[in-house]
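What follows is a single structure, written as structure tokens, with notes after it.
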Amino acid sequence: MVALATATVCWMLSASGAAQGGPGQTPTPRAMAPIDLTGYWVSLITDDWRWRMVTPPKGDALYLPVNDEGRRVAEQWDPAKDEAAGEACRAYGAGGIMHLPGRLHITWESDTTLKVETDTGQQTRLFRFGGSQPPSGEATWQGFSVATWELSAGGRRGRGAAPASRPGTSLRVDTSHMRPGYYRRNGVPYGSKATMTEWFATVTEPDGNTYLLVTKMLEDLQYMNAPYVRTVQFKKQNDGTGWNPMPCSTR
Amino acid sequence: MKHTAGAWRFRGVVLTMLALATPASAQVDLTGEWSVVRAEDNVGNTELGDWVGIPMTEASRLRSAAWDASIQTLPEWQCRPHGSAYISRGPSALKIWKEVDAVSRETTAWHLEWLRSVDRPVYMDGRRHPSPNAPYTWAGFSTGEWVGDMLRIRVTHLKEEYLKRDGVWHSDKIELTQYLIRRGDYLTFLVIAYDPVYLSEPLVRSTEYRLNLNQQIPPYPCTVVTEVDRPKGVVPHYLPGTNNDITWFSRRYGIPMEVVTAGAANMYPEIRSRIPRSLGGFGPEPAPPPAPPRGQRPAARAPMIQPPPQGEIEVLPVRGSIYVLFGAGANIVASVGNDGVLLVDSGQAAMTDKVLAALGEVQREWVRRNAPKGLGWGAETRSSVAHRHVTAPPKPIRYIVNTSAASDHVGGNEKLRNAGRTFTGGNVTGNIADAGEGAAILAHEQVLKRLATPPAGQTPAPFDAQPTDTYYTAYMKLSHFFNGEGVQLVHVPKAHSDGDSIVYFRGNDVIALGELMATERYPMFDVEKGGSINGIIDGLNGVLDLAIPEFRLEGGTMMVPGHGRIVDSGDVAYYRDMLTIIRDRVQDLIAKELTLDEVKAARPAADYDPEYGDAPEWTSDMFIEAVYKSLGGGKPLPRRRPR
């Protein structure tokens with residue numbers, strides 16, 4: 001029943017017509033957003049500090065599902081070479097960007113597109129609701145992302161919640177067409193056919209803090225022997241304090 | 001694909017139907033065996049001095065610097081499980097199952113159990129968290145509720161334990177919020193930890209699990225053995241400034257110690273300005289980080305458990321016929337049963353009416369719980385019917401035991417004694433005719449001396465408030481069972497004073513500790529009256545020798561300190577460890593010929609002060625001064641070093 005409900009709701013919200021909105025019509029994905037992801041968020045680097053806050057040594061693929069080919073490529077990581085080739089943003093692609101320390105600024109670019117900007121690497125991800133077709137051109141660092149609301153099957157609405165608010169709901173984002181990049185900053189690779197599913201959810205605590213949880217499942221037959229599944233956390237900020245745009249760096 | 005208005009209306013109807021059809025509370029099935037997805041989040045043992053990513057307070061860093069892994073060879077440490085704040089960080093498999101009410105078919109509890117942990121029920125039936133005076137455990141007390149498809153769990157009543165296995169600690173003030181989020185065959189486990197003692201901000205961590213149809217979590221047998229021969233009472237630890245291992249992580253990875261020790265700041269991106277560029281940072285920058293203010297405390301947050309009302313008596317059961325009355329001054333332990341009432345300590349004089357009222361309630365409850373058994377006696381011999389027609393009045397207070405002569409232990413003696421009636425006989429003082437006219441008061445003879453012959457200028461305690469039966473040997477036993485068990489007073493020499501007793505209820509396996517322990521402050525002792533830090537520590541070690549835990553170093557022999565919550569041997573061991581460590585530090589400073597003021601300035605209890613040092617009646621300074629004096633501080637040493 002839960003799966004049926006979730007699937008049905010996802011289907012309804014993912015249809016292109018949902019973008020139309022207007023009086024008497026089905027609300028747009030923005031209007032019926034069950035959780036508010038917008039605002040500034042700062043990453044919290046805790047247990048995995050040694051692999052995220054600093055760049056691990058070359059070849060450190062500890063705890064990553066790399067296959068032999070992935071390990072071989074990781075051993076060949078050459079930051080200078082990446083930089084010379086104009087590939088300084090390899091660690092800032094969709095497969096790795098959410099793990100880098102930094103801040104997110106999430107806004108609605110339109111009624112059907114949620115925009116995630118990062119200060120580190122100055123990247124922009126666009127989560128498109130509806131049935132848009134992926135572009136036929138070159139793959140990009142951030143790839144092509146399709147978004148759907150995964151409404152929970154039930155759950156009490158939080159006290160004082162807005163009519164559309166449904167705590168416990170997730171935003172699902174499916175990303176493909178990514179340019180090959182690194183999901184660990186020290187050159188551990190994902191390939192051009194990698195795909196990624198992410199879930200964005202929020203939890204609010206009695207002390208007033210709201211946290212954004214981003215769970216990702218990165219899959220790549222070329223360099224991985226299993227999906228890479230992780231959750232990283234961000235804390236909501238009141239404003240853009242600390243927003244510090246920095247270009248991509250290979251170090 | 002085009003979508004007509006009719007199609008959208010249809011979808012709207014479906015959406016409405018779904019909303020109506022779904023239950024008030026989501027019920028995602030979490031049951032099953034879950035294997036941890038090994039990742040950077042759950043690396044198991046961390047390296048020494050790996051303090052990054054944790055919002056450690058100054059006290060936390062000091063405590064971690066004192067931590068010596070060989071402490072885990074102590075008998076009181078060997079079979080401990082991982083606690084709820086840590087277990088999901090280790091690479092342990094998880095099993096989840098649920099309890100379902102047979103009639104309503106509601107899920108009344110989820111159970112979570114990891115390898116090397118204990119079963120943790122998460123109650124879904126709306127019950128409240130217990131009083132802060134209730135026992136604390138490794139698993140803690142958990143309640144849950146659904147937030148959409150997420151299960152949110154609140155955890156309280158956790159024993160202190162590690163957040164990382166390299167000696168990064170949380171206190172027993174910690175509270176957790178946990179979220180379980182299932183996405184297909186994956187489960188995300190999020191933990192938000194709040195610790196007003198050792199964390200300056202919430203600590204947020206997560207772990208992923210994957211459903212595993214072929215997993216069966218094995219048992220984890222453990223037997224306590226003597227792993228290291230060492231003199232009794234030794235607690236391994238590093239004295240301040242002697243632990244070179246805490247720089248290991250920094251040295252191995254080239255991360256500056258100022259980053260490693262930055263506390264909450266090293267969770268945020270700005271810390272990169274202090275990390276060398278060769279490691280992916282932007283630093284180092286010339287300006288050092290601002291030092292955290294001394295005694296830094298986290299922002300105030302409403303705790304999940306609330307204390308009982310001030311000025312009221314709270315009664316909690318310990319085991320069998322043993323109860324504790326909180327709120328009358330020192331804790332009062334009560335044995336309640338067919339023989340009447342035995343009290344350990346009598347609280348403050350002003351609270352005795354409320355104590356008597358509370359005891360009446362306890363006795364009525366005891367009578368209800370111990371109502372006559374059902375049919376079954378022989379038809380031609382006796383009948384149980386007569387018993388069913390009688391509601392027995394509360395039995396009198398027969399004995400009061402004073403664990404010391406402190407005013408909040410003996411203040412209610414007179415009134416409570418006169419409200420009771422003892423058994424005739426025994427070591428009766430005064431006129432034999434008085435023997436049945438009040439409860440007997442038992443204590444070490446030094447208590448009688450202090451109450452009857454106080455220093456010049458002070459008034460003796462009223463005759464009826466003074467002990468009637470005293471002892472001067474190592475122990476005193478009641479000469480008969482009371483409420484079905486033996487009761488033993490054991491003298492603890494030179495502890496709080498020179499007249500201390502602990503009281504051992506041997507059938508219920510409960511020990512009243514008196515002033516040996518207070519869970520909210522350092523132990524109070526009076527050097528002028530014969531007290532000493534070594535006596536306190538020896539007393540606690542003696543208690544640990546008596547106590548037998550039930551499972552995984554918790555439960556079993558339950559103990560009631562003079563002040564604070566109910567404890568077990570795990571809690572007592574922590575308290576013993578703390579006092580031993582502080583004692584060793586002060587002893588070391590005395591050996592270096594520091595004056596009392598210099599010792600206080602060295603803050604030898606700084607890592608424990610946030611939890612124990614704030615009690616106005618017994619501050620950290622007062623405690624350190626007492627420790628200093630009891631160890632002979634300030635006296636000339638046999639051989640003075642040249643200055």
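Nothing in this text is a laboratory measurement; each read-out follows from the coordinates by a stated rule. Source: prediction; values computed, not measured. Positions of Cβ are generated from backbone atoms using ideal geometry, with glycine treated the same way; all protein chains shown enter the neighbour counts.
Taking 0.36 nm per residue of separation and subtracting the Cα-Cα distance, full extension of the segment from B:Ala357 to B:Glu617 would add 90.8 nm. Within the same chain, aspartates and glutamates fewer than 8 places from B:Lys635 are excluded, and of the rest, those with a Cα less than 12 Å from its Cα are B:Glu593.
Annotation: aspartates and glutamates with alpha-carbon distance below 12 angstrom to B:Lys477 (same-chain offsets under eight excluded): B:Asp469, B:Glu485.
Quarter the surface of the alpha carbon convex hull of chain A and you get the mean projected area, 14.7 square nanometres.
Largest first and in whole Å, the equivalent-ellipsoid semi-axes of chain B read 47, 38, 20, each the square root of five times a Cα gyration tensor eigenvalue.
Excluding same-chain neighbours fewer than eight residues apart, the aspartates and glutamates reachable from B:Lys494 by a Cα-Cα span under 20 Å are B:Asp345, B:Asp408, B:Glu445, B:Glu515, B:Asp526, B:Glu528, B:Asp538, B:Asp545, B:Asp577, B:Asp584, B:Glu625. Relative to one another, the C-alpha centroids of segment A:108-130 and segment B:331-373 are positioned 67 Å apart. Residues of segment A:212-251 falling in the label zone of A:Thr204, defined by backbone nitrogen less than 12 Å from a point 7 Å along Cα to beta-carbon, are absent. Would you compute, from DSSP H runs of 4+ residues alone, the mean residue ellipticity of the protein assembly as shown at 222 nm, taking -39500 (n - 2.57) per run and dividing by the full residue count, rounded to the nearest 500? -5500 deg cm²/dmol, from helical runs alone.
This ranking places B:Thr580, B:Thr108 by how few other beta-carbon atoms lie within 10 Å of each, fewest first, which gives B:Thr108, B:Thr580.
Computed from Cα positions, the angle between helix A:2-14 and the longest principal axis of chain A comes to roughly 90 degrees.
Other protein chain C-beta atoms within 10 Å of residue C-beta, averaged over A:195-205: 3. Once both labels are positioned 7 Å from their Cα atoms along Cα-to-Cβ, the gap between B:Thr459 and B:Arg364 label points is 3.5 nm. Using a cut-off of 25 Å between Cα atoms, the listed pairs B:Lys529/B:Lys600; B:Lys395/B:Lys415; B:Lys95/B:Lys159 include none that exceed that distance.
Site pair B:Asn244 and A:Trp243 shows an inter-label distance of 5.0 nm when each label is modelled 7 Å from Cα along Cα→Cβ.
Between segment B:444-487 and segment A:172-251, the C-alpha centres lie 69 angstrom from each other. For the residue pairs A:Lys115/A:Lys216; A:Lys81/A:Lys193; A:Lys216/B:Lys173; A:Lys58/A:Lys216; A:Lys216/A:Lys236, the alpha carbons lie more than 28 Å apart in A:Lys216/B:Lys173.
Could you give the distance between the Cα centres of segment B:116-138 and segment B:571-594, to the whole Å? Result: 33 Å between the Cα centres.
What does the convex hull of the alpha-carbon atoms of segment A:16-114 project to on average, in nm²? Value for segment A:16-114: 9.6 nm². When restricted to Cα atoms, the protein assembly as shown yields an Rg and a Dmax of 32.2, 107 Å, respectively. The label point for B:Thr595 and the one for B:Ser479, both projected 7 Å from the Cα toward the Cβ, are 5.7 nm apart. Seen from B:Gln458, the other residues with C-beta closer than 14 Å to its C-beta sum to a net charge of +2, counting Lys and Arg as +1 and Asp and Glu as -1. Between B:Ala102 and A:Gln222, the C-beta separation translates, for a Förster distance of 30 Å, into a calculated FRET efficiency of about 0.05.
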